[in-house]
Amino acid sequence: MKPGSPRKTAKLADVARLARVSTATVSRTLTLPHKVKPATAARINQAVETLGYVAHGAARALASRRSRKVGAIIPALDNPIFASTVHALQKALDAAGYMLLVASHGYDAQVEARVIRALVEHGVDALVLLGTTHRACVLELLAAHQLPCVLTWALDAGAPLPCVGFDNRAAAVIVTRHVLDLGHDAVAMISGVTAGNERAAERLRGVREALAERGLALPASRLVEKPYTLSGGREGLRELLEGGARPTAVICGNDALALGALAECLDRRIAVPAELSITGFDDMEIAAVVTPALTTVRFPAAEIGALAARHLLARLAGQEVAPRTELQVELIVRGSTAPPARQN
């Protein structure tokens, strides 16, 4: 079945038949999982995922569209830039009389699928997802229940669902060109983990593309992938510095990585930007007040949340909406970048 196409809603008996158990065992697994053998529960959960089953009571709520609840699933609850999007989303939905239910998945596609199913079972009227990469079972579940959903923070012309976001690849090209225009040709990158994260993958692609424009490459020795954390930035910079010839500029996949890299430079007495230029991506509030202040890419995180809410509210009201809404990004040049030392 093609993602986005409706299918027959699965029933409890369908799950029981596929898992080769009784309907009572399925019901017990869904309500009291600790009372079911792990192997049996795993088989039933697999059947639930395969069929896109949703508890009957929640399905009734979905059909009535009377819950006035919207679910939002984000990668992490402790990232301020995600919080900005969620806050604007909640504010716009609250003004329209809707409650926002928020969950996170920690960049784990399996957890995301489970959380989405739980929100559907709680009868949400619509969903907001971050990014365009999601498991097929998620798309099938949304299609089976004809649940309005909008993807945020990214754009994909081939995405099966509407998008509200920005071009991560193009944004990375902009910040990389800035570094190259300063005269750097020994450029390295601390990327976010690209597996299952098209935003991180697109930013890496943009860096490679901008380097290729100048006849440069990003060799394996000058690329590390780390979780989007301060410690990830510190670890990433250590690996780059110990991996061979020192770069003169490091492009980071987000501000948290860049701030971690700045902290590692401070400990190692590496002067930024005199000895090493560092860039971020997000323009978190702290980026403007650290020393040196961080050169980064600013994008309208709050506006994404507000537009996502407007999109869903229009669809719930039966109105037509644009399949793609693109927002612009801006390069913010601060003190963490400068020409390489040989040109000073």
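The values are calculated or read from the model by the stated rules, or taken from the named source; none is laboratory data. Values in this document were obtained by computation on a predicted structure and should not be read as measured data. Ideal geometry is used to build each Cβ from the backbone, glycine not excepted, and the neighbour counts take in all protein chains shown.
Tabulated data
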{"quantity": "Positions within segment 86-138 being acidic (Asp, Glu), over 18 Å from the mean Cα position of the chain (by Cα) and assigned to a helix (DSSP H, G or I), in sequence order", "calculated": "94, 121"}
{"quantity": "Residue within segment 82-89 that is surrounded by fewer than 18 Cβ atoms within 10 Å (Cβ to Cβ) and over 23 Å from residue 167 (Cα atoms) present", "calculated": "no"}
{"quantity": "Condition met for residue 161 (outside the structural domain of residue 46 (by TED's automatic domain parsing), of a type outside the set (Val, Ile, Thr) and either touching a Gly at 6+ places or on another chain (Cβ under 7 Å) or surrounded by fewer than 23 Cβ atoms within 10 Å (Cβ to Cβ) (or both))", "calculated": "yes"}
{"quantity": "Tally, over segment 209-221, of residues that are within 20 Å of residue 171 (Cβ to Cβ) and part of a helix (DSSP H, G or I)", "calculated": "5"}
{"quantity": "The one condition in (1) over 16 Å from the mean Cα position of the chain (by Cα); (2) not in a helix (DSSP H, G or I) that residue 194 fails to fulfil", "calculated": "(1)"}
{"quantity": "Given (1) in the same structural domain as residue 281 (by TED's automatic domain parsing); (2) in a helix (DSSP H, G or I); (3) in contact (Cβ under 8 Å) with a residue 60 or more places away in the chain, number of the condition residue 184 does not satisfy", "calculated": "(2)"}
{"quantity": "Index of the failed condition, residue 234 passing every other in (1) at negative phi; (2) surrounded by 15 or more Cβ atoms within 10 Å (Cβ to Cβ); (3) part of a loop (DSSP other than H, G, I, E, B)", "calculated": "(3)"}
{"quantity": "Condition check for residue 309: modelled with pLDDT of 95 or more, under 30 Å from residue 96 (Cα atoms) and surrounded by fewer than 16 Cβ atoms within 10 Å (Cβ to Cβ)", "calculated": "no"}
